[in-house]
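Presented below is the structure to which this report refers.
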Amino acid sequence: MSPLFTAPNVVQTVNTITPRHDTQDTASNTDLYQLLFYWEEVLLDRYKMAAYSFLNGYKLAVLLIAVPCFVYEDFSQIRGFAVASFLPPEIKQFKGNLYARCKMKSNTKLAKDLPRISGQVLFKETFEKRSELQMIVDLKSNPSENDQQRAIHIHQFGDLSNGCDSTGGHYNPLGVNHPNHPGDFGNFVSHNGTIWAQRNEKVTLTGGLSVLGRAVVVHEGEDDLGQGGDAGSLLHGNAGRRLACCIIGISSDKMWKAAIQKQKRRT
Ligand SMILES: [Cu+2]
Ligand SMILES: [Zn+2]
């Protein structure tokens, strides 16, 4: 018999206990429970011992095998891997820049009387001494409009399953009031049916607060920038219905460069 089963007093107790269906005799049931608890402790102790000796063996293996491996490992490769896993590889591809594009489409739930907005919103984040994000808004309206103020924001979800209405509210990762959300771009004015603007903005395309995969929404009206004096003003700036929206996705540098060239030709 293995050492695990050499508790003679326990074996004896087992022999003297006759399990009964008669629950009147509670004394023998108590003995049975004590016996079970005893065995539980014995078994637990044995498993603990086994676990400890396994862990000690493991520590030894780490010291003898893993540590020399780390010593001889190429540390620049380890660092390269760590950086690559936190930042998109496109930053290296485009020499320290990350580009994103949002192709604007009319809201599929748009009311017939509202204008149709098309075009694109482009982003370029530069990772040099200090990271900086530039945005180009290049939109058209049909019918053509002049001096029309329109609010543009980043909304939380890149989900267009129910037109622009399924993009949720303003992207608000820090739980603050409007117009302090990172994607509160404010108002954009149209000239001869075109909205063009190039600005620096406080959004990022990397990390946990990245706006990639979220939506840009163009509104029917002007953003009151939190000055409306009501609850809606501090939530969304009372900018009215959603005319058009799109989902922000990583892109090449092609569209950004083309947009810059196009603007140079215009001016
Ligand atoms: Cu909005
Ligand atoms: Zn907002």
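The values are calculated or read from the model by the stated rules, or taken from the named source; none is laboratory data. All values reported here derive from a predicted model rather than from experimental measurement. Cβ placement follows ideal geometry from the backbone for every residue including glycine, while neighbour counts extend to all protein chains displayed.
For I117, the requirement of being buried (at least 17 other Cβ atoms within 10 Å of the Cβ), over 17 Å from E220 (Cα atoms), over 23 Å from the mean Cα position of the chain (by Cα) and assigned by TED's automatic domain parsing to the domain that holds H191 is not met.
Checked against (1) under 16 Å from V218 (Cβ atoms); (2) near ligand 2 (Cβ under 9 Å from one of its atoms); (3) surrounded by fewer than 18 Cβ atoms within 10 Å (Cβ to Cβ), N180 passes all but condition (1). Of everything in the stretch 190-215 that is of a type in the set (D, E, K, R) and assigned to a strand (DSSP E or B), the residue that is nearest to ligand 2 (Cβ to nearest atom) is E201. Look at (1) more than 13 Å from ligand 2 (Cβ to nearest atom); (2) without any contact (Cβ under 8 Å) to a residue 24 or more places away in the chain; (3) of a type in the set (S, T, N, Q) and you find that S252 fails only one, number (2).
Go through the stretch 140-156 residue by residue and tally those that are closer than 17 Å to W196 by Cα and either of a type in the set (K, R) or under 28 Å from the mean Cα position of the chain (by Cα) (or both).
Total satisfying the criteria: 5.
Any idea which residue in the stretch 148-164 is nearest to N180 (Cα to Cα), counting only those that are modelled with pLDDT of 95 or more and of a type in the set (S, T, N, Q)?
Q156
Out of the residues in the stretch 228-245 that are within 13 Å of ligand 2 (Cβ to nearest atom) and assigned to a loop (DSSP other than H, G, I, E, B), which is nearest to Q149 (Cα to Cα)? The qualifying residue nearest to Q149 (Cα to Cα) is A239. Do the conditions hold for N187, that is, is it within 12 Å of ligand 1 (Cβ to nearest atom) and either assigned to a loop (DSSP other than H, G, I, E, B) or modelled with pLDDT of 95 or more (or both)? Here the answer is yes, as N187 does meet what is asked. Take D230 and tell me if it is surrounded by 13 or more Cβ atoms within 10 Å (Cβ to Cβ) and more than 22 Å from Q134 (Cβ to Cβ). When the stated conditions are applied, D230 does not pass them.
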